[in-house]
Structures are given as structure tokens and as C-alpha cells.
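Contents: one structure, followed by commentary.
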Amino acid sequence: MAEEPCQCSDCQRFYKEHDRLIREFPTFKQQQELNWASIQSFRTLCSKVSDELQRQLSERECNEDVSLEVNHISDLEITQALDELESVNAYLYSVEALMERIFDTKIQKNIESKFKEIAKELAPDPLNLDRLILNRLFHQTPDFPDKKNIN
């Protein structure tokens, strides 16, 4: 028997986002572009935060008389975050190098249509009327409070 998907709120949020990305970007080319943009935006954000933290650290070294209450983030926290962000950026550069190889791959139009077809199976539109009816039928169980017979 197949293992049931996790029902925790984090996993449910992931499943919804996963399905949304498949529905909204159902072709190979769109997935390539989406992943490339995602990596680039993550790198940009990490780099800008690193720059800002580095600037803060440098300013503190110049103004050593500033009290810790004003700083909100300790020098140790900043240093640790900078180390972590440096590692993240290195990983993102590695992923970017791998993505460049994926971008070298071109898919024919008739295969792109297969991507769209399978995307509809993997992540059907949750607002599709048939899907809503099916979901409602699945949830008509005796343990749901709205389905108990009150006589």
C-alpha cells in the first residue's frame, strides 16, 4: 500500500505550491525559466542581505561606542549569518551551473504538449467544478461535524 502524503500544515502548503507551479508553468521551457528565475532571485536576495550585514558590521567596527541595545543584532549573529549566507551562495552557484546544462536541453513542440497533458493530471485545477464535487464527496465522512445527523 502506498504511503499517505503528510498532512501537516507545512507539507500541505508545499503540496499546494507544488501543484500551482505545475498548473501555471506546465511546459519544459516554462519550468526551465521558472527555476532559473528562482535561483537568480534567491542569489540576489542572499547577496543583498550579505552586503547589508557586512556594511552593518563595518559600521560597528568604526563606531565601537554604540550600545548593543541600539544594534538589535549582535556581531556574533551577523558573523554567523554571513558564514551561512556565504555557503548558501556557493551552493546556489553550483545549482546555477547545473541549470545551465538543463538550459542546453531543447524539447520539441509535440513533447511540450505531453508536458501540458501530464501537468493537468499531476495538478488538476482545484477550482474545477468536477474537482470540487469530488473533494466534497471525499469529505462526507461520519467523523466530520457538519455531516453528523442531529435528530
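Could you tally the net charge around I107, taking each other residue with its Cβ under 11 Å from the Cβ of I107, Lys/Arg +1 and Asp/Glu -1?
Around I107, the charge tally is +3.
Rounded to the nearest 0.05, what FRET efficiency do D75 and I118 have when you use their Cβ-Cβ distance and R0 = 41 Å?
Working: r = 51 Å, r/R0 = 1.25.
The value I calculate is 0.20.
Coordinate-derived values only; no laboratory data. Just so you know, these numbers come straight off a predicted model, no measurement behind them. As a convention, Cβ positions derive from the backbone with ideal geometry for all residues, glycine included, and neighbour counts pool all protein chains shown.
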